[in-house]
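Report on the following structure.
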Amino acid sequence: MSDLLSVVSELRRPRLLIRAARAGLAEYNRNRDLKRLIRSAEAPAPDHALSALLAEEERIEATRRSGDASYSFLRHIDLLIAMMAEARLLPRPNRA
(Lines give C-alpha, C1' and ligand atoms only; values in the text may rest on other atoms or scores of the structure.)
Protein backbone atom coordinates (compact mmCIF):
# COMPACT_ATOMS: atom_id res chain seq x y z
CA MET A 1 0.00 0.00 0.00
CA SER A 2 2.87 2.35 0.58
CA ASP A 3 3.71 1.78 -3.08
CA LEU A 4 0.34 3.24 -4.04
CA LEU A 5 0.96 6.22 -1.78
CA SER A 6 4.36 6.83 -3.34
CA VAL A 7 2.91 6.60 -6.85
CA VAL A 8 0.23 9.16 -5.96
CA SER A 9 2.68 11.47 -4.24
CA GLU A 10 5.05 11.38 -7.23
CA LEU A 11 2.40 12.34 -9.80
CA ARG A 12 3.08 15.63 -11.53
CA ARG A 13 0.06 17.29 -13.09
CA PRO A 14 -0.74 20.88 -14.05
CA ARG A 15 -1.29 23.09 -11.02
CA LEU A 16 -4.75 24.13 -12.16
CA LEU A 17 -5.94 20.50 -12.29
CA ILE A 18 -4.60 19.84 -8.79
CA ARG A 19 -6.14 23.00 -7.37
CA ALA A 20 -9.51 22.14 -8.88
CA ALA A 21 -9.30 18.61 -7.47
CA ARG A 22 -8.44 19.88 -4.00
CA ALA A 23 -11.40 22.24 -4.14
CA GLY A 24 -13.68 19.35 -5.02
CA LEU A 25 -12.56 17.05 -2.21
CA ALA A 26 -15.20 18.36 0.19
CA GLU A 27 -17.98 17.27 -2.17
CA TYR A 28 -16.60 13.77 -2.81
CA ASN A 29 -19.08 11.02 -2.02
CA ARG A 30 -17.38 7.64 -2.15
CA ASN A 31 -20.52 5.59 -2.77
CA ARG A 32 -21.79 7.84 -5.53
CA ASP A 33 -18.62 9.02 -7.25
CA LEU A 34 -16.33 6.02 -7.01
CA LYS A 35 -18.82 3.58 -8.49
CA ARG A 36 -19.40 5.96 -11.39
CA LEU A 37 -15.72 6.59 -12.06
CA ILE A 38 -14.56 2.99 -12.05
CA ARG A 39 -17.84 1.65 -13.45
CA SER A 40 -18.50 -0.76 -10.61
CA ALA A 41 -21.69 -1.83 -8.84
CA GLU A 42 -19.97 -1.67 -5.43
CA ALA A 43 -17.21 0.54 -4.09
CA PRO A 44 -14.09 -1.61 -3.64
CA ALA A 45 -11.55 -1.33 -0.84
CA PRO A 46 -9.47 1.86 -1.03
CA ASP A 47 -6.32 0.09 -2.28
CA HIS A 48 -8.20 -1.63 -5.12
CA ALA A 49 -10.08 1.55 -5.93
CA LEU A 50 -6.87 3.57 -6.04
CA SER A 51 -5.24 1.05 -8.38
CA ALA A 52 -8.19 1.29 -10.78
CA LEU A 53 -8.24 5.08 -10.53
CA LEU A 54 -4.51 5.33 -11.21
CA ALA A 55 -4.86 3.22 -14.35
CA GLU A 56 -7.75 5.33 -15.65
CA GLU A 57 -6.00 8.59 -14.76
CA GLU A 58 -2.86 7.45 -16.58
CA ARG A 59 -4.96 6.78 -19.68
CA ILE A 60 -6.69 10.16 -19.54
CA GLU A 61 -3.37 11.94 -18.88
CA ALA A 62 -1.97 10.39 -22.06
CA THR A 63 -5.04 11.64 -23.91
CA ARG A 64 -4.48 15.14 -22.50
CA ARG A 65 -0.82 15.19 -23.46
CA SER A 66 -1.52 14.01 -26.99
CA GLY A 67 -3.99 16.85 -27.55
CA ASP A 68 -6.76 14.40 -28.44
CA ALA A 69 -10.15 16.10 -28.77
CA SER A 70 -11.77 13.34 -26.68
CA TYR A 71 -9.98 14.60 -23.55
CA SER A 72 -12.40 15.57 -20.77
CA PHE A 73 -10.93 17.89 -18.15
CA LEU A 74 -14.02 17.33 -15.99
CA ARG A 75 -13.45 13.57 -15.90
CA HIS A 76 -9.75 14.16 -15.22
CA ILE A 77 -10.58 16.38 -12.25
CA ASP A 78 -13.13 13.84 -10.97
CA LEU A 79 -10.46 11.12 -11.15
CA LEU A 80 -7.93 13.27 -9.30
CA ILE A 81 -10.50 14.08 -6.59
CA ALA A 82 -11.23 10.38 -6.12
CA MET A 83 -7.53 9.51 -6.07
CA MET A 84 -6.84 12.08 -3.37
CA ALA A 85 -9.79 10.92 -1.29
CA GLU A 86 -8.97 7.23 -1.62
CA ALA A 87 -5.31 7.83 -0.78
CA ARG A 88 -6.44 9.43 2.48
CA LEU A 89 -8.24 6.18 3.38
CA LEU A 90 -5.14 4.01 3.03
CA PRO A 91 -3.34 3.04 6.23
CA ARG A 92 -0.14 4.98 6.78
CA PRO A 93 3.10 3.06 7.32
CA ASN A 94 4.41 3.10 10.86
CA ARG A 95 7.45 5.24 11.34
CA ALA A 96 9.57 4.00 14.23
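The values are calculated or read from the model by the stated rules, or taken from the named source; none is laboratory data. Because the structure is predicted, anything quoted here is derived from the model rather than measured. Only protein heavy atoms, including side chains, enter the accessible area calculation; ligands, DNA and RNA are left aside. Shrake-Rupley method; radii C 1.70, N 1.55, O 1.52, S 1.80 Å.
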Checklist entry - Round to a whole number: what % of the accessible area of the range 1-75 belongs to carbon and sulfur, probe 1.4 Å? => result 52 percent
Item to check | Taking N as its residue count, the alpha carbon Rg of the range 14-63 over 2.2 N^0.38 Å | outcome: 1.20
